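The values are calculated or read from the model by the stated rules, or taken from the named source; none is laboratory data. Bear in mind the structure is a predicted one, so any value in this text is a computation, not a measurement. So basically every Cβ, Gly included, is an ideal-geometry build from the backbone, and we count neighbours across all protein chains shown. Accessible surface is based on the protein model in full, side chains and every heavy atom, while ligands, DNA and RNA are left aside. Shrake-Rupley method; radii C 1.70, N 1.55, O 1.52, S 1.80 Å.
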Amino acid sequence: MTTATVDAVVVGAGPNGLVAANALGDAGWEVALLESQPEVGGAVRSAEVTAPGYVSDLFSAFYPLAAASPVIRDLDLPAHGLVWRQAPDVLAHVLDDGRAAVLRRAPQDTAEGLERFADGDGQAWLDLVAGWNAVRDPLLDALFTPFPPLQGARRMVQRLGVRGTVDFARLAAMSVRRLGQETFGGVGAPLLLTGNAMHSDLHPDGAGSALMGWLLCMLGQDVGFPVPQGGAGQLAQALLARARSVGVECETNATVTSVVTEGGAAAGVRLADGRTIRARRAVLADVSAPTLYRRLLRPDQVPSRLLHDLERFDWDPGTVKVNWALDRPVGWQAAPARGAGTVHLGVDADGFVDFAADLSTGRLPQRPFVLFGQMTTADPTRSPAGTESAWAYTHVPRSLEVTGDLLERHVRAVEEAVERVAPGFASSVVARHVQSPGDLEAADANLVGGAINAGTAGLHQQLVFRPTPGLGRPETPIPGLYLAGASAHPGGGVHGACGWNAARAALGNHGRLGAVRRALVRTAWSRLLPPTR
């Protein structure tokens, strides 16, 4: 870093920090982007960790939200080296009895497969797709803009009408298990919906899980589940290349230890090596909310009511991830799964409920729900011809320390689940690399305890309740300081909206109406965080 004072400091070069830096750089601001790890990307990184020539995505891998996000799309990342690749099919859920439900690229093809589970299920699926097509653009705008999303919501109501809006609100509040039961006669479509809902931490019987499952399935029908050619890290590198093209300075191995305030407002950051980088206009933190308010700020810098609210911050479960180098493609007994980039396995419709109950009660699941990635199937550059670079992850209770023998036992449970639906899998393994919840956090401090969504997706911690009861916006009670990580609305997933919203808020507060905006934010926070007695 060649300057000691810049317009803005962005703490953390995960996808949200990279997007924020791009937005500020586009506006002509002088930006310092600081990352504590040796490389940028946060949970969007890849490496050869199993065997030479096999590229593994270390955290996230498939990016439907990035492909659909207007934020990411408008950055024109293909001009900076990003190439998207797709598997022949989007996703499959395989059952132990040899059947599989497959989400194919074309909705009509998906429907034809689901019709085999029950008469009428194909048309019911196409009806869901038609509902998606009716609200796609305004819904994505509403999801990815700061709260309240007035324009997107208005356009949705205009398209849906009164009755359609009421029906959509019911969908948004429903559980995915109920959605599957009342919409379909067979098990195929409910398996697809529920498995996608459980990419989050929502219980299959929990409110809001229907919307999550429907959204990811519809994105699969719309943009697929694309992957960056060459590994997840190529998405981060494209974001970095674009940021540098607009003047952003990025420094890795640069750990920020505190946010500096002057007169109650953010004025810069202090680094572990003793340096201070001052910010004329803003500090944006792509970190978790507890990290920002408890570690980067002193207690006397944070309203006491906010610190009290943070005691109730609800994390999502931990994660165990296994990466494999395989000497051949996976031999699924359900042949339709062989072309799917993502495969769900390990449980049936009722097994989802059992798995979620285990997580809620602190039991290590005996039959884990497993998300499996066939990366060479999606992108042939990931491993030598005729082989497969694969991974699987599953969630574990936060209350358990999954290390040592307990970790090894759970990895065996994952591999046994794969073996049940792909006999001979074990004999195809050339090498294996395991990431425990602690390993994930050590590689990315935002993945606290292996939580991959920076806090639960439950309704009690969304919108104005994310990360704590407040504005549902990136502005914090400390003027000039913005929460740009996935603890902010709209939450987890690689869509860039948390960083984009923080950058737009910072720019707006220094625009023509900046004084008015800042006054409104101060007033709102003073009402929401009255002094405690």
Task: Test: Thr361 is without any contact (Cβ under 8 Å) to a residue 40 or more places away in the chain and more than 23 Å from Leu192 (Cβ to Cβ) - done: yes
Open item on the list: Looking only at region 285-303, filter to residues that are of a type in the set (Lys, Arg) and not in a loop (DSSP other than H, G, I, E, B); which one of those is least open to solvent (accessible area, probe 1.4 Å)?
Closed with: Arg294
Open item on the list: Can you report the number of residues in region 337-372 which are closer than 16 Å to Gly213 by Cα, among the hydrophobic types (A, V, I, L, M, F, W, C) and open to solvent by 20 Å² or more (accessible area, probe 1.4 Å)?
Closed with: 2
Task: Residue that is free of Cβ contacts under 8 Å to residues at least 40 places away in the same chain and among the basic types (Lys, Arg), where the choices are Arg159, Arg116 - done: Arg159
Task: Scope region 95-124; condition open to solvent by 40 Å² or more (accessible area, probe 1.4 Å) and charged (D, E, K, R); matching residues - done: Asp96, Asp97, Arg99, Arg104, Arg105, Asp109, Glu112, Glu115, Arg116, Asp119
Open item on the list: Take the residues in region 127-171 that are part of a helix (DSSP H, G or I) and of a type in the set (Val, Ile, Thr); name whichever of them is surrounded by the fewest Cβ atoms within 10 Å (Cβ to Cβ).
Closed with: Val162
- [ ] All but one of (1) touching a helix residue (DSSP H, G or I) at 6+ places or on another chain (Cβ under 7 Å); (2) polar (S, T, N, Q); (3) under 26 Å from Phe144 (Cβ atoms) hold for Ser436, so report the exception by its number.
- [x] (3)
Open item on the list: With the structure loaded, tell me whether Leu447 is surrounded by 21 or more Cβ atoms within 10 Å (Cβ to Cβ) and more than 25 Å from Gly268 (Cβ to Cβ) or whether it fails that test.
Closed with: yes
Task: Scope region 483-520; condition open to solvent by 70 Å² or more (accessible area, probe 1.4 Å) and assigned to a loop (DSSP other than H, G, I, E, B); matching residues - done: His510, Arg512, Leu513
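Conditions tested, residue by residue: (1) over 13 Å from Tyr482 (Cα atoms); (2) modelled with pLDDT under 95; (3) open to solvent by 10 Å² or more (accessible area, probe 1.4 Å); (4) not in a helix (DSSP H, G or I).
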| residue | (1), (2), (3), (4) |
| --- | --- |
| Cys250 | yes, no, yes, yes |
| Asn253 | yes, no, yes, yes |
| Arg280 | yes, no, yes, yes |
| Val283 | no, no, no, yes |
| Arg305 | yes, yes, yes, no |
| His308 | yes, yes, yes, no |
| Val320 | yes, no, no, yes |
TODO: Test Ala325 against the criterion of being open to solvent by less than 20 Å² (accessible area, probe 1.4 Å), of a type in the set (Gly, Ala, Ser) and either in a strand (DSSP E or B) or within 27 Å of Ser175 (Cα to Cα) (or both), and give yes or no.
DONE: yes
Task: Residues being in a helix (DSSP H, G or I), under 22 Å from Thr377 (Cα atoms) and touching a helix residue (DSSP H, G or I) at 6+ places or on another chain (Cβ under 8 Å) - total across region 95-126 - done: 3
Open item on the list: One residue is enough: does region 1-22 have a residue meeting the conditions buried (at least 24 other Cβ atoms within 10 Å of the Cβ), more than 17 Å from the chain's Cα centre (by Cα), part of a helix (DSSP H, G or I) and at negative phi?
Closed with: yes
- [ ] Give the residues of region 185-205 that are open to solvent by 20 Å² or more (accessible area, probe 1.4 Å), closer than 20 Å to Pro397 by Cβ and more than 14 Å from the chain's Cα centre (by Cα), sorted by residue number.
- [x] His203, Asp205
- [ ] Test Ala454 against the criterion of being surrounded by 18 or more Cβ atoms within 10 Å (Cβ to Cβ) and either more than 25 Å from the chain's Cα centre (by Cα) or over 21 Å from His344 (Cβ atoms) (or both), and give yes or no.
- [x] yes
Open item on the list: Please go through region 74-94 and give me each residue that is surrounded by fewer than 21 Cβ atoms within 10 Å (Cβ to Cβ), at pLDDT 95 or above and either touching a strand residue (DSSP E or B) at 6+ places or on another chain (Cβ under 6 Å) or not in a helix (DSSP H, G or I) (or both), ordered by number.
Closed with: Asp76, Gly81, Val83, Trp84, Arg85, Gln86, Pro88
- [ ] Could you tell me which residue of region 137-154 is modelled with the lowest pLDDT, considering only residues that are within 21 Å of Gln221 (Cβ to Cβ) and more than 19 Å from the chain's Cα centre (by Cα)?
- [x] Gly152
Open item on the list: With in contact with a Cys (Cβ under 6 Å, 6 or more places away or on another chain) and at pLDDT 95 or above as the only criterion, which of Asn22, Asn16 stands out?
Closed with: Asn16
- [ ] Specify which of the listed residues (Gly213, Gly224, Gly264, Gly231) is in contact (Cβ under 8 Å) with a residue 12 or more places away in the chain, farther than 30 Å from Gly180 by Cα and crowded, with 21+ Cβ neighbours inside 10 Å.
- [x] Gly231
Task: Scan of region 28-67 for residues that are among the charged types (D, E, K, R), open to solvent by 10 Å² or more (accessible area, probe 1.4 Å) and under 23 Å from the mean Cα position of the chain (by Cα), ordered by number - done: Glu35, Glu39, Arg45, Glu48
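Per-residue answers, yes or no, for (1) among the hydrophobic types (A, V, I, L, M, F, W, C); (2) touching a strand residue (DSSP E or B) at 6+ places or on another chain (Cβ under 6 Å); (3) modelled with pLDDT of 95 or more; (4) in a strand (DSSP E or B):
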{"position": "Ala210", "(1), (2), (3), (4)": "yes, no, yes, no"}
{"position": "Cys217", "(1), (2), (3), (4)": "yes, no, yes, no"}
{"position": "Phe225", "(1), (2), (3), (4)": "yes, yes, yes, no"}
{"position": "Leu235", "(1), (2), (3), (4)": "yes, yes, yes, no"}
{"position": "Leu239", "(1), (2), (3), (4)": "yes, no, yes, no"}
{"position": "Val259", "(1), (2), (3), (4)": "yes, yes, yes, yes"}
{"position": "Val269", "(1), (2), (3), (4)": "yes, yes, yes, yes"}
{"position": "Gly274", "(1), (2), (3), (4)": "no, no, no, no"}
